[in-house]
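Before any comments, here is the structure.
The values are calculated or read from the model by the stated rules, or taken from the named source; none is laboratory data. Only a predicted model underlies this, so the values are computations on that prediction, with no experimental measurement involved. Cβ sites come from the backbone with ideal geometry, for glycine too, and all protein chains shown count toward neighbours. These accessible areas exclude ligands, DNA and RNA; they are computed on the full protein's heavy atoms, side chains included. Shrake-Rupley method; radii C 1.70, N 1.55, O 1.52, S 1.80 Å.
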Amino acid sequence: SDSACKQWYQRRVAITAGTADNYECYDYSYNAEKGVFAIQKDPITCHRKNGTDVHCNKPGVNATETYTSNDKGCGPCTNTTAGVCVACDETRCNSAVTVTAFLLPLAALLYTLF
């Protein structure tokens, strides 16, 4: 009936209203055996609302084994303690490549200091 179709359409519009394009981020888990955070193989699909920006997060250099990624890597950092969480603002920006890009210059700096 027309009434049932109209109700279905209104429910569908209400569900999808206010959403923007999805994006992807990576999640990390702590590998106790190796003592490091390991990136998950596949990215997570993140959902966002209209008017919000893309944000990913990952463990920082001061993250301990008790650290848990906010929303599986989607969204901004919730832990504001310096160096515990690192945020970025592009899809898949929290990949292992970005971690390596940060750590290599840091290692070179430490090497020159000592």
Self-check item: Residues within region 63-89 that are outside any strand (DSSP E or B) and either surrounded by 13 or more Cβ atoms within 10 Å (Cβ to Cβ) or in contact with a helix residue (DSSP H, G or I) (Cβ under 8 Å, 6 or more places away or on another chain) (or both), tallied
Solution: 14
Exercise. Return the residue satisfying two criteria in turn: it lies in region 18-35 and is assigned to a strand (DSSP E or B), open to solvent by less than 70 Å² (accessible area, probe 1.4 Å) and not small (Gly, Ala, Ser), and of such residues it is modelled with the lowest pLDDT.
Key: Asn31
Quiz prompt | Pair list, Cβ < 9 Å and 6+ apart or interchain, from region 49-61 residues that are open to solvent by 90 Å² or more (accessible area, probe 1.4 Å) to residues that are modelled with pLDDT under 90 and in a strand (DSSP E or B) | solution = Lys49/Thr19; Asn50/Thr19
Practice problem: Select from region 92-103 the residues that are assigned to a loop (DSSP other than H, G, I, E, B) and open to solvent by less than 80 Å² (accessible area, probe 1.4 Å) and write down the one among them that is modelled with the lowest pLDDT. | Solution: Ser95
